[in-house]
Amino acid sequence: MYEQHFGLKKRPFSANAAGTEVFVGPQTAKMIAGLTKALSSCDAIVTVSGPVGAGKSTLVAKAMDGIGSSRKIVQVGRMQLDSNDVLELLLGELGPDKLPNGTIQKFVAFRRSLKELEDAKTRVLIAVEDGMRIGVDALAELEALTAADAGDSEGASIVVMGDERLDQYLQDPQLARLRQRVRQNHSVAPLAVRNFAAT
């Protein structure tokens, strides 16, 4: 994307830039600070929208780095999920080695895992790469499973990413509770030459 945008002959940085490889100009720094602050609440939800290739995933990863060293990040890739798949995905990342059989037992095991991590001072952050791809039912289920009022733990924070249509997509009536938990909405645009002027 940046090759076309700036008329470059090759990619200026690696596809999976991290740490010092990430260019942080004034606008980016402000957005990272806002994301980090919003995610300081244990069950916050933040949305990050923008065109493909604008750097949403890199920005979110950089913001999550600012949460502290004791954190567990669950990546939900660009896939469609059935609402029943959400609990199994989370348990696969956070739960016991042997999964319980019933839905109620799985839910109890997941909330127990959240509580154990919380007691160990470990924050749980869930990064959804494409909120529209995983589907409304899966997003609603993810919200329900991670809410602070769903058990004796303080829940988990979620970042939902997507293209420019994300905000409209999240207006679905099934996502009313999710919208109530949203602390910030961020829109990411591709870097322009003016973004480099202040560096």
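The values are calculated or read from the model by the stated rules, or taken from the named source; none is laboratory data. Every value quoted in this text rests on a predicted model; they were computed, and no experiment measured them. Heads up, the Cβs are rebuilt from the backbone with ideal geometry, glycines too, and the neighbour counts pull from every protein chain shown.
Looking at segment 96-110, can you tell me whether even one residue there is farther than 30 Å from Gly55 by Cβ and of a type in the set (Lys, Arg)? For segment 96-110, residues farther than 30 Å from Gly55 by Cβ and of a type in the set (Lys, Arg): present. Checking each residue in segment 48-70 for being surrounded by 18 or more Cβ atoms within 10 Å (Cβ to Cβ) and aliphatic (A, V, I, L, M) picks out Val48, Ala54, Leu59, Val60, Ala61, Ala63, Met64. Leu94 falls short on exactly one of the conditions (1) under 16 Å from Ile45 (Cα atoms); (2) more than 14 Å from the chain's Cα centre (by Cα), and that condition is (1). When Glu143 is tested against (1) of a type in the set (D, E, K, R); (2) more than 14 Å from the chain's Cα centre (by Cα); (3) surrounded by 18 or more Cβ atoms within 10 Å (Cβ to Cβ), exactly one condition is not met: (2). The residue pairs whose first member lies in segment 36-47 and is surrounded by fewer than 17 Cβ atoms within 10 Å (Cβ to Cβ), whose second member is modelled with pLDDT under 85 and of a type in the set (Val, Ile, Thr), and whose beta carbons are closer than 9 Å, counting only pairs six or more residues apart or on different chains, are Ser40/Ile67.
If I filter segment 156-173 down to residues being within 14 Å of the chain's Cα centre (by Cα) and either part of a helix (DSSP H, G or I) or among the β-branched types (Val, Ile, Thr) (or both), which single residue comes out as surrounded by the fewest Cβ atoms within 10 Å (Cβ to Cβ)? Spell out how you get there, then give the answer.
So in segment 156-173, the residues within 14 Å of the chain's Cα centre (by Cα) come out as 156-163, 166.
Filter again for either part of a helix (DSSP H, G or I) or among the β-branched types (Val, Ile, Thr) (or both), leaving 158-160, 166.
On the way: Ile158: 26, Val159: 29, Val160: 29, Leu166: 20.
The qualifying residue surrounded by the fewest Cβ atoms within 10 Å (Cβ to Cβ) is Leu166.
Have a look at Ile134, Ile73, Ile126 and point out the one that is buried (at least 21 other Cβ atoms within 10 Å of the Cβ), within 12 Å of the chain's Cα centre (by Cα) and among the hydrophobic types (A, V, I, L, M, F, W, C). Checking each option against the conditions leaves just Ile126.
Residue count for segment 81-116 satisfying the condition of being within 14 Å of Glu141 (Cβ to Cβ) and surrounded by fewer than 12 Cβ atoms within 10 Å (Cβ to Cβ): 1.
Consider segment 26-52 and keep the residues that are outside any loop (DSSP other than H, G, I, E, B) and of a type in the set (Val, Ile, Thr). The one that is modelled with the lowest pLDDT is Thr28. Of the residues in segment 189-199, not one is of a type outside the set (Phe, Trp, Tyr) and within 17 Å of the chain's Cα centre (by Cα). Among residues of segment 174-199 that are within 21 Å of Lys56 (Cβ to Cβ) and surrounded by 11 or more Cβ atoms within 10 Å (Cβ to Cβ), those with a Cβ under 7 angstrom from a residue that is among the basic types (Lys, Arg) and modelled with pLDDT under 95, sequence gap 6+ or separate chain, pair up as Val188/Lys56. Restricting attention to segment 65-90, the residues being modelled with pLDDT of 85 or more and in contact with a Leu (Cβ under 8 Å, 6 or more places away or on another chain) number 11.
Suppose the filter is touching a strand residue (DSSP E or B) at 6+ places or on another chain (Cβ under 8 Å), hydrophobic (A, V, I, L, M, F, W, C), outside any strand (DSSP E or B) and modelled with pLDDT of 90 or more; does Leu114 pass it? Yes: the conditions hold for Leu114.
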